[in-house]
Structure formats: C-alpha cells, structure tokens
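The values are calculated or read from the model by the stated rules, or taken from the named source; none is laboratory data. Remember, predicted model here, so these are calculated numbers, not experimental data. Ideal geometry is used to build each Cβ from the backbone, glycine not excepted, and the neighbour counts take in all protein chains shown. Note: areas computed on protein heavy atoms with side chains; ligands, DNA, RNA excluded. Shrake-Rupley method; radii C 1.70, N 1.55, O 1.52, S 1.80 Å.
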Amino acid sequence: MRTTAMTLRTAVLAAAFVPSAPSAAYGAAPAMAAARAPAAQEVTAIRAGRLIDGAGQPARDNQVIIVRGERIEAVGDAAAVAIPDGARVVDLTGHTVMPGIVDAHAHLSIRPDVRTLRGQLEGMEQHDAMQMARIIRNIRVQLMSGVTSVYVVGEVHYNDIQASQAVEEGIVPGPRIYPSGNFISTTAGHGPAEYRTTNGPWEMRTFVRQNYEMGAHHMKLTITDRARVGPNNGTPYAPGESNYTKEEIDAAVNELHRLGIEATAHANGESIRLAVEAGVNSIQHGGNLNEELMDLMASRDVGFVNTYTIGFQSVFNEWGFLDNEAGDIRDWLERGRQVHARALEENPGRAQRRLDRLGQLRRSKEKGVKVGIGTDSMHGYMLLEMENLVAAGFTPLEAITAATGLNAEIVGIEDEVGTVEVGRFADIIAIDGRPDENIRDMGNVAFIMVGGRDQSALSFR
C-alpha cells in the first residue's frame, strides 16, 4: 500500500478571484471548509456484458458490479452476485466495462501550441481566473474521453488543489484530481519563472513543507541535464550533472518521504539516474533511455510515464477547433490523429525519432520496466497515447492496462483507482466495442462514473 485515501486539506475555492501576482495568501494556510454532508449510500448495480478489470486479465463475460456510495462493494459473475433490492440497475450488457482511465501526467491549465514551452509559460502567467476557466474546460474534455483520474505534475498558485476541491464538492464535473501543488525547480531550471527560485537543501525542504501544508498529494521535481532558460538555454551541464545538486535532490525526496507522500521527477537520459538513485517513486517522460537506465529502473521497481502526444506541440494549434467546432470526443481524437500523421509524413527526422522511441518502449517492457502513459497537457488524448503503445508492440489489452491499473501502480494510487475491485473507488466507464481487440474502440465512450456519480449525461461542452 503506497497511499492513503486522498484527503483535501484546502479550504476555499478562490482561484478565480485571486490576483495573478503571488501574494501572502498563497503562503498562508487556508481556513478549513465546512464539512460536506455525507452522500446517501445509493446502491447501483452495473450489468456488464464484458469486463476488463484493469489488472491485465482477459475480459470476462456477464459480470455484475455492485456500487455502494462511492466505492465498489462486489464484483463477479452475474450468476453469483446478487443485486440488492432497490438498487438502481444500469444495463451495460452490450458494452465492454472497465475502470476509468488514469492520466498519470497532467497539467490542468496548460494548452500547448506552436509556441512550445514559451507558450506554456506565458499561459501560466495569466490571471488565475483565466487559468481556472481553462481548467474547467480541459478536465471536462478529459472526463468525456473516459479519464476518471488525473495525476497532476505541476501547476501554479495551487490552482490544481482548488480544482480538486471543486470537483470533489460537485461544483464542476471532472475526473478525480490528485494535485501536486506548485512546481519544484531551481534557478536556471525547468518551469515557471516564479518557481525557478528554490536553491539549497533547506530551501527544498521549506518548499516541500509549504506545498504539503496547502494540500499537495505528491510533488514533482523538474530535473534536467541542461539549462532551460536564458541565453544558455539548451546548453548541457557537465556529464552526470543537472540543475539540482545531489544534496538538493536528496533533501527534497527525503522531506517528501518523511511527510509520507511520494516524489515523482521530470527526468530524461542521465537525469533519470540521479532521480532514481535519490529514491523517487516514479519518473515522468523518461526520454533517451538506454539499456543501463532500463536495468536501473527495473531493479528499483521505478516505472516511468511516457508522454507521446506533447511531442507534437510544435505543430499543434487546434484548441479553437476543440472549443468551437468539435462535436464530441471522437472529432477531437480524429483531429489529433490527422495532425500527428501529417507531422510524421512531412518530417522524416521526427518519424525516425518516433521509431527510436517506440524501440525504447518495447525494450523497457521486455526488461520488466513498468511503462505508463500520460497526456502532459494534450487534454483528451489518452487514447492516442494508448495507440502509440500498440504501435510499439504492446497488445491492446496491455495498452489498456497501462492506462488504468499500471498507471495507478506507477504513481502510487493503486489502492484507490485503476482497477475494478472491491474497495476501490467506483470510477467506471463503458465502451461501445471490444477495445482489447481494437484499441480505437476506446474512443466510443458510452458510460462514465466517478466515485459512484453517473456523469454519462454530460454534454461535450
């Protein structure tokens, strides 16, 4: 067991009314919100024609899932699981039922485009009201794509924590949000300018404690092997070095673990070694893998979250289509496929880099490294991430498992989400088709439940 039930320690949903510039309020502990009245323990029985459990087992026919309140109470063969009197019955006998998708690398407010990193950073400098407006739209798109949990890996002004509370209280619809709080970075590091200020072991510990106090569920360190800002942007550090000193990484990871929460790290190439040897629980991106790094991760049982679709941000300028033209999630997915296919066709170098990466993913799986997936900030595109795994040689069922149970395991939330098991949150979706045979069927989302709440009637916008 790597995590306890997610509790929100924050109090007020104020992000839309807070000035963009940091103020003393950001560093102060919020007042505790009034406790929400417990939801009635409504009982729902789901009749599943086929069930994929998220743990990697083949689909089972004719299953029944009993949901009481927000949790799964029973699951098994229809002949063996009695439906309680008075239960609401959901007939999904013509569908494939499965756990909701877990996006294991998410930035809620960011919308990448052709400006690449510069555009992302500019977006995070906008007023918090605008950022929260984007978050509300982005998480709705995620939900409509079948994502029922998002593992956030860096926001500003604790906007992810506020959004998490808004979803928890039913103010806005969205997936379950596991917030990380603000970015942890260093001078000349990777991330928003206002957080590229943490230097030295004790500043690392202080930043971790502040994030924890505000309600972070976990935190991410952005470890890079080269400068990411200023005139030296792109210049590699000395071999084996990063924007952090070893003492800084060790201090941050130790403080996180001392507080009982997990550390994840943005890391590629040799930065992965620094992170894994410091004891991080998971790696984000995990680019430029070689055999030695794969062996290290396998030996330490540290998985990584591959982020394929963000690699196309330099040719991506489609958010207007999402907000104003796309009629449903299938339209959005198809637009993404078109952009990706065109970019690969027009740029042989990009196509070759993708082939190289597919080989790294395939080899990682062969070596026993846990390979997960996340959209980064390409909201709604978890299916494209799954299709990329299939292109790397994963079976459709393995790709589905990566997006559900394995993702949850990699980032330490497997006791709560990712599988259809007794005691887990009732985060359940249904697919029109057989996605374990044809992965593209994952685009046909017909039913969405988050924590026992049926969200299927939501419109796309």
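Based on the Cα coordinates of the chain, what is the per residue volume of their convex hull in Å³?
On the way: hull volume 62.1 nm³, N = 461.
Normalising the Cα hull of the chain by residue number yields 135 Å³.
Tally Lys and Arg at +1 and Asp and Glu at -1 over the other residues with C-beta under 9 Å from the C-beta of LEU397: what net charge comes out? Before the final figure, lay out the partial values.
Numbers: positive: none; negative: GLU398, ASP436, GLU437.
So the environment of LEU397 carries a net charge of -3.
Can you check how the C-alpha radius of gyration of the range 372-427 compares to 2.2 N^0.38 Å, as a plain ratio? It would help to have the intermediate numbers written out before the result.
Working: Rg = 11.7 Å, N = 56, 2.2 N^0.38 = 10.2 Å.
After normalising by residue count via 2.2 N^0.38 Å, the value is 1.15.
Counting Lys and Arg as +1 and Asp and Glu as -1, what is the net charge of the other residues whose Cβ lies under 13 Å from the Cβ of LYS220? Display every interim value, and only then the final one.
Working: positive: none; negative: GLU155, ASP160, GLU262, ASP376.
Charge balance near LYS220 sits at -4.
Roughly to the nearest percent, how much of the accessible area of the range 361-407 is carbon and sulfur, given a 1.4 Å probe? Walk me through the numbers before you get to the answer.
Working: 540 of 1060 Å².
Summing carbon and sulfur atoms, their accessible area is 51 percent of the total for the range 361-407.
Given the range 65-130, what whole percent of its Cα pairs are spread farther than 20 Å? Provide the component values of the computation, followed by the final result.
Working: 1202 of 2145 pairs.
Every Cα pair in the range 65-130 considered, those over 20 Å come to 56 percent.
Got a sec? What order do LYS370, LYS365, LYS220 fall in by accessible area at 1.4 Å, biggest, i.e. largest, first? All intermediate terms of the calculation are to be shown ahead of the outcome.
Numbers: LYS370 45, LYS365 75, LYS220 10 Å².
Most to least solvent-accessible, the answer reads LYS365, LYS370, LYS220.
Return the Rg/Rh ratio of the range 54-213 with Cα-based radii and a Kirkwood Rh. Show your work: numbers first, answer last.
Values: Rg = 20.3 Å, Rh = 18.5 Å.
With Rg and the Kirkwood Rh in hand, the quotient comes to 1.10.
Determine the per residue accessible area of the range 372-461 with all protein chains present and a 1.4 angstrom probe, expressed in square angstrom. All intermediate terms of the calculation are to be shown ahead of the outcome.
Working: 2380 Å² over 90 residues.
Here the residues of the range 372-461 average 26 Å² of exposed surface.
Per DSSP H run of at least 4 residues, take -39500 (n - 2.57); add these up for the chain, divide by its residues and hand me the 222 nm value, nearest 500 deg cm²/dmol.
Numbers: 14 runs with 149 residues, N = 461.
Taken over the chain, the calculation gives -9500 deg cm²/dmol.
Computing the accessible area with a 1.4 Å probe over protein heavy atoms, can you report the carbon and sulfur percentage for the range 152-301? Write down the numbers at each step before the final one.
Working: 2570 of 5280 Å².
C and S fraction of accessible area: 49 percent.
Between MET219 and residues 5 or more places away or on another chain, which pairs have amide H atoms under 5 Å apart, with H built 1.01 Å from N, and which residues are they?
Under 5 Å from the amide H of MET219 lie the amide H atoms of GLU262, THR264, each far enough along the sequence or on another chain.
Could you tell me how many cubic angstrom of Cα convex hull volume the range 284-353 has per residue?
Working: hull volume 7.7 nm³, N = 70.
So the per-residue hull volume is 110 Å³.
How much accessible area does ARG137 have with a 1.4 Å probe, in Å² rounded to the nearest 10?
Taking all protein chains as shown, ARG137 has close to 30 Å².
Could you look at the range 40-144 and say what percent of its accessible area is carbon and sulfur, using a 1.4 Å probe and all protein chains?
Numbers: 2090 of 4170 Å².
That fraction is 50 percent.
Compute, for the chain, the length of the dipole vector about the Cα centre, with Cβ point charges of +1 (Lys, Arg) and -1 (Asp, Glu) only. Units Debye, rounded to 20. Walk me through the numbers on the way to the answer.
Details: 44 positive and 58 negative charges, 89 e Å.
Computed about the Cα centre, the dipole is about 420 debye.
Between the range 163-206 and the range 283-306, what is the C-alpha centre distance in whole Å?
Centre-to-centre (Cα) distance: 24 Å.
I need the fraction of alpha carbon pairs in the range 360-461 separated by more than 24 Å, rounded to a whole percent. Walk me through the intermediate numbers first.
Values: 1212 of 5151 pairs.
Value for the range 360-461: 24 percent of Cα pairs lie more than 24 Å apart.
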